[in-house]
1. I'd like the full set of residues that are touching a residue at least 60 places away in the same chain (Cβ under 8 Å) and open to solvent by 80 Å² or more (accessible area, probe 1.4 Å), limited to region 103-144.
2. So for region 116-123 (the condition being modelled with pLDDT under 90, assigned to a helix (DSSP H, G or I) and within 19 Å of Met11 (Cα to Cα)), does at least one residue qualify?
3. Report yes if some residue within region 84-94 is within 20 Å of Ala128 (Cα to Cα), of a type in the set (Lys, Arg), buried (at least 21 other Cβ atoms within 10 Å of the Cβ) and at pLDDT 90 or above; otherwise report no.
4. Out of Gly81, Gly63, which single residue is modelled with pLDDT of 90 or more and open to solvent by less than 30 Å² (accessible area, probe 1.4 Å)?
5. Assuming Phe73 fulfils every condition listed in (1) open to solvent by less than 50 Å² (accessible area, probe 1.4 Å); (2) at pLDDT 70 or above apart from one, which condition is it?
6. Are there any pairs, at least 6 apart or on different chains, whose C-beta atoms fall under 8 Å, with the first in region 2-23 and among the hydroxyl-bearing types (Ser, Thr, Tyr) and the second assigned to a helix (DSSP H, G or I), and if so, which?
7. Might you check whether a residue that is over 14 Å from the mean Cα position of the chain (by Cα), modelled with pLDDT of 85 or more, open to solvent by 20 Å² or more (accessible area, probe 1.4 Å) and under 12 Å from Ile134 (Cβ atoms) occurs anywhere in region 1-20?
8. Within region 38-52, identify whether any single residue is buried (at least 17 other Cβ atoms within 10 Å of the Cβ), hydrophobic (A, V, I, L, M, F, W, C) and at pLDDT 80 or above, and answer yes or no.
Amino acid sequence: MAILVYLAGGMKSGWQDKVKEACHDLIIEGVVSFFDPRDNPKEPEKYRLIDKEKWEEADIIFGYAESSNPALFAMCIELTGGFYNKARTIFVDDLRPESLETPEKIEEEKKRKRYLSFLETVSHKKAAGFMEGISILRDEIGAMIDSKFTPKQKQ
């Protein structure tokens, strides 16, 4: 009975592979498994972002907002679904509009900020960058291991 981590966020940069690599030791030990929407062959590509069944099974939803993410509305749905199904939710805000070169792209990024306050309300933990998010994820997995796999003491 592995801890299931649902990876929510943009589908272009390959950040999901970096998360799995950072938790490689836990995958090998069979402690954690990941649901990566990019690997969901049962749905057409535009619907792979959201898998309600996995929300219901997920122990942790890891939401990563980055500048290549076309919109954050799907992540709002995924984190909310996880939150209300009692999953631990982690939101990583890695949007960097100031690093973009054109005023149009900066404006586009700023518009996405409207979703951020909502995402924060359905997130148990928030990180300001990718590496901080990985650290929080590993801490959450560790806490879950302790609660799921450690025998309870009789009183």
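1. Arg138
2. Within region 116-123, one or more residues are modelled with pLDDT under 90, assigned to a helix (DSSP H, G or I) and within 19 Å of Met11 (Cα to Cα).
3. The answer is yes; a qualifying residue exists.
4. Criteria check complete, one pass: Gly63.
5. The number of the failed condition is (1).
6. Tyr6/Lys54; Tyr6/Trp55; Tyr6/Glu78; Tyr6/Gly82
7. no
8. no
The values are calculated or read from the model by the stated rules, or taken from the named source; none is laboratory data. In this text the structure is predicted, and so the values were computed from the model without any measurement. Cβ sites come from the backbone with ideal geometry, for glycine too, and all protein chains shown count toward neighbours. Each accessible area value is taken on the protein alone, full model and side chains, heavy atoms only, with ligands, DNA and RNA left out. Shrake-Rupley method; radii C 1.70, N 1.55, O 1.52, S 1.80 Å.
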